[in-house]
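See structure below.
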Amino acid sequence: MSTPPAEETRFLHAIEMGLGTWAWGDRILWNYGRGYSDEDIRAAFEVATQEGIRFIDTAEVYGQGKSERMVGKLIRESGQAILIATKFMPFPWRLSRKSLLRALRHSLERLGMERVDLYQIHWPFPPVPIETWMDALAEAVAAGLTRTVGVSNYNQTQMMRAYSALARHDIPLASNQVKYSLLDRKIEKNGLLARCKELGVRLIAYSPLEMGLLTGKYTPENPPPGLRGRRYAGILANIQPLLRLMTEIGQDLGGKSPAQIALNWVICKGALPIPGAKNARQAAQNAGALGWRLSEDQVAALDEMSDRVTQPS
Ligand SMILES: NC(=O)c1ccc[n+]([C@@H]2O[C@H](COP(=O)([O-])OP(=O)(O)OC[C@H]3O[C@@H](n4cnc5c(N)ncnc54)[C@H](OP(=O)(O)O)[C@@H]3O)[C@@H](O)[C@H]2O)c1
């Protein structure tokens, strides 16, 4: 049984896909400045918005504030109405509700905006109880600093605590942003995705391309650079049968790329993917995941192959 989303969060359920901006300004994992520049990022933004993407996800910690600055500048200069989501990091030294309000005001300064559309708690880190952060989010809504509020990386128990704490303020939990891709289907199997649908909470899927792996461009001989290479070295050989199936299905659909298959699969599952893009080519290709749907049989075949390659016997 699904609950219809609360009126103030309905806009999120109408969005099919967004744009992730972790890589905009991040040198540590994504090598910003080497291989892609501010001009590439501007082009990615322009292509994505031309192709109808109207929702951008950022965070105060991405590029230590640089991502928010870039997103804000690009949106302001474009003059377009783009929905914006950012996040609060509950660092262990942030102990009071006021610290969230302060952090949100700093995010708004970097974005050059008076209000965001979605403000999310980035991780359910201790020591501050979930209820305290929900009280702070309620204050942020009351102060007009954000239109809706959400969480990220919350498991079902944590999400239910957040949901109930917000309900005491008569505020709906708009979203839970978690990792979800053809290579990581934990949330399907542990019931989080179903619970979100039941409650009318939008599930926002991060790393829907598994940080580039599901584009098919990385192989055991050509792993992703840096930290990503180390993280994924062990699985690149295992996932090749899945990538071959994605390529075949893409060909049957008239030339869709593996990235487009990966993103469309997330949409078919009822989640909102926010793929990252570093340049115009990536943004254009990812936007090509919109406007069509995999068949039920194709989704089932992908599910089966995903199980096979992620749980090798
Ligand atoms: N809430 C959280 O804790 C959390 C955590 C992670 C991410 N996120 C959000 O989710 C967004 C997306 O996740 P993600 O950036 O980790 O991973 P992703 O979307 O799975 O992968 C993005 C990366 O894949 C490559 N790529 C993207 N499109 C491509 C294409 N069409 N062809 C070839 N390569 C392509 C690019 O990197 P290369 O070119 O270098 O391969 C790009 O940076 C983030 O930007 C962020 O907004 C949130």
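Using label points projected 7 Å from each Cα along Cα→Cβ, tell me how many nm separate Asp303 and Gln156, to one decimal.
Between Asp303 and Gln156, the simple spin-label model gives 1.7 nm.
Just to confirm the number: angle between the C-alpha axis of helix 130-142 and the first principal axis of the chain, 0 to 90 degrees, nearest 10?
70 degrees
Where a Cα-Cα gap under 21 Å defines reach, which lysines qualify for Lys217, not counting those fewer than 8 residues away within the same chain?
Within the straight-line limit of under 21 Å, Lys217 reaches these lysines: Lys179, Lys256, Lys278.
Which FRET efficiency value, to the nearest 0.05, is calculated for Glu198 and Ser295 with the Förster distance at 35 angstrom and r the Cβ-Cβ distance?
Using R0 = 35 Å, I get an efficiency of 0.85.
Using alpha-carbon pairs under 8 Å, 6+ residues apart, how would you state the relative contact order of the chain in percent?
Relative contact order, the chain: 21 percent.
When the chain is fully extended, how far beyond the present Cα-Cα distance does Ile235 get from Arg185, taking 0.36 nm per residue of separation?
16.5 nm
When a/c is below 1.5 the answer is rounded, else prolate if a/b is larger than b/c, else oblate, so apply that to region 21-69 with a ≥ b ≥ c taken from the square roots of the Cα gyration tensor eigenvalues. Could you put the intermediate results ahead of the total?
Numbers: a/c = 2.59, a/b = 1.37, b/c = 1.89.
Oblate, because a/c is 1.5 or more while a/b does not exceed b/c.
Can you find, among Val149, Tyr206, Met160, the residue sitting farthest towards the positive end of the charge dipole of region 128-217, where Lys and Arg contribute +1 and Asp and Glu -1 at Cβ?
Tyr206
With a ≥ b ≥ c the root eigenvalues of the C-alpha gyration tensor of region 1-100, is it rounded (a/c under 1.5), prolate (a/b larger than b/c) or oblate?
It is oblate, given that a/c is not under 1.5 and a/b is not larger than b/c.
Going by average Cβ neighbours within 10 Å, how do the peptides 185-194, 277-286, 211-220, 255-264 rank, with the highest at the top?
Per-residue Cβ counts within 10 Å, averaged per peptide and sorted highest first, yield 255-264, 277-286, 211-220, 185-194.
Just check the chain against the gyration tensor rule for me: Cα atoms, a ≥ b ≥ c as the square roots of the eigenvalues, rounded for a/c under 1.5, and otherwise prolate or oblate depending on whether a/b exceeds b/c.
Here the chain falls in the prolate category.
Read the figures in this text as sums done on the coordinates, not as results from a lab. Just so we're clear, the structure is a prediction, and the values are computed from it rather than from any experiment. Heads up, the Cβs are rebuilt from the backbone with ideal geometry, glycines too, and the neighbour counts pull from every protein chain shown.
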